[in-house]
Amino acid sequence: MDGKAVSYSSVNATLKNILNNIEKVIIGKRFAIELTLNALMCRGHVLIEDVPGVGKTSLVSSLAKSLHCTFKRIQFTPDIMPSDITGFSSFNPKTGDFEYKPGAVMSQFVLADEINRTSPKTQSSLLEVMEENQVTVDGVTYPAPEPFMVLATQNPVEYLGTYPLPEAQLDRFFMKIALGYPEPAEESKMLGRFKGGSPLNDLTPVADSGQIIAIQSAAESVYVDHRLHTYIVDIVRGTRQQEEVVLGASPRASLYLFRSAQAWAMYQGREFVIPDDVILMAPHVLGHRMVLRQEARLKKIAADQIVYRVLESVRIPVI
């Protein structure tokens, strides 16, 4: 598989294999898994926010074990240092030179577990690598491996011991998803599946890095009509014009919404994007980038509600 030589049928087969493998562990959360794969297809990073115990870490671990790629987990705690993440230079007395000791972020898949339990200073150590796929230590730049993806979990900010993520950090996440509590039947099924131990331990890889890189390149070739370019920009600009919003979605959000629609169209087996692709992806790509006024928070108005309002107000183009 490489570049445009990848057929949509082979893409769907690979993605379905990954999806089915993850569903051996995560029950009843297919759309959340599909959103995670959408971000992977777009070389994006994912923020998973939800209450403890709903399977955030299990989802990330299942994805990592489904791919024949390197994987590292960073448990974010108040005492973790930026050098633990990016790496550091140490003096080698035998050679008389400083040598780079890679940090935990130098892996193809990185789980930033409970990312909002560490200080903003440590959180900011991820800014460069999430944007440019590289880290700079003592003036020397080191590229991250490919494919590269950060999957971060966080508890809601109202929980004790959490720090809110800086706006610049949030904007680097391709999308934000939530798992939610399972339905009673799904929770009962989970008990039966886990009674003999975690099925996560038995997962084996069903795809490799070469297949993922090829899929990422192929997703960029999906056709997007120029009228959808205008539609995407109008939606993003609409988030900046709402009275409840202090800071609307950035131009980066326009690009990410564009790419996510391409990837979703390809996942559906189409060579072109339709407005429904944009509408479906918009809340997950735009919501976490918006900063709401205090009055909106007091009224319990969620960012997703504002995104849906914007979607209703923007005219859908006829393609």
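Any residue in region 68-79 that is out of contact with any Leu (no Cβ under 7 Å at 6 or more places or on another chain), assigned by TED's automatic domain parsing to the domain that holds residue 152, buried (at least 20 other Cβ atoms within 10 Å of the Cβ) and touching a residue at least 60 places away in the same chain (Cβ under 8 Å)? Yes: region 68-79 contains one or more residues that are out of contact with any Leu (no Cβ under 7 Å at 6 or more places or on another chain), assigned by TED's automatic domain parsing to the domain that holds residue 152, buried (at least 20 other Cβ atoms within 10 Å of the Cβ) and touching a residue at least 60 places away in the same chain (Cβ under 8 Å).
The set of residues in region 272-302 being under 23 Å from residue 230 (Cβ atoms) and in contact with a strand residue (DSSP E or B) (Cβ under 6 Å, 6 or more places away or on another chain) consists of 272, 284, 285, 290.
Scoring residue 162 on the criteria (1) under 30 Å from residue 254 (Cβ atoms); (2) out of contact with any Ser or Thr (no Cβ under 9 Å at 6 or more places or on another chain); (3) in a helix (DSSP H, G or I) leaves a single failure, condition (3). Residues that are farther than 24 Å from residue 269 by Cβ, at pLDDT 95 or above and in the same structural domain as residue 296 (by TED's automatic domain parsing) do not occur anywhere in region 206-229.
Determine if region 254-273 includes at least one residue that is in a helix (DSSP H, G or I), touching a residue at least 60 places away in the same chain (Cβ under 8 Å), in the same structural domain as residue 308 (by TED's automatic domain parsing) and exposed (fewer than 15 other Cβ atoms within 10 Å of the Cβ).
No, region 254-273 contains no residue that is in a helix (DSSP H, G or I), touching a residue at least 60 places away in the same chain (Cβ under 8 Å), in the same structural domain as residue 308 (by TED's automatic domain parsing) and exposed (fewer than 15 other Cβ atoms within 10 Å of the Cβ).
Only one of the numbered conditions (1) among the charged types (D, E, K, R); (2) part of a loop (DSSP other than H, G, I, E, B); (3) modelled with pLDDT of 90 or more; (4) out of contact with any helix residue (DSSP H, G or I) (no Cβ under 9 Å at 6 or more places or on another chain) is not met by residue 94, and that is (3). In region 101-152, the residue that is surrounded by the fewest Cβ atoms within 10 Å (Cβ to Cβ) out of those that are hydrophobic (A, V, I, L, M, F, W, C) and assigned to a helix (DSSP H, G or I) is 127.
Of the residues making up region 271-282, those that are over 17 Å from residue 255 (Cβ atoms) and touching a helix residue (DSSP H, G or I) at 6+ places or on another chain (Cβ under 8 Å) are 271, 272, 274, 275, 279, 280. Of the residues 167, 183, 187, which is in contact with a Lys or Arg (Cβ under 9 Å, 6 or more places away or on another chain) and either surrounded by 13 or more Cβ atoms within 10 Å (Cβ to Cβ) or in the same structural domain as residue 39 (by TED's automatic domain parsing) (or both)? Result of the check over 167, 183, 187: 167. Taking the criterion of being surrounded by 14 or more Cβ atoms within 10 Å (Cβ to Cβ) and closer than 16 Å to residue 58 by Cβ, the residues of region 195-213 that qualify are 199, 200, 203.
The values are calculated or read from the model by the stated rules, or taken from the named source; none is laboratory data. On a predicted model such as this, the values are computed, not experimentally measured, just so you know. All Cβ positions, glycine included, derive from the backbone under ideal geometry; neighbour counts span all protein chains shown.
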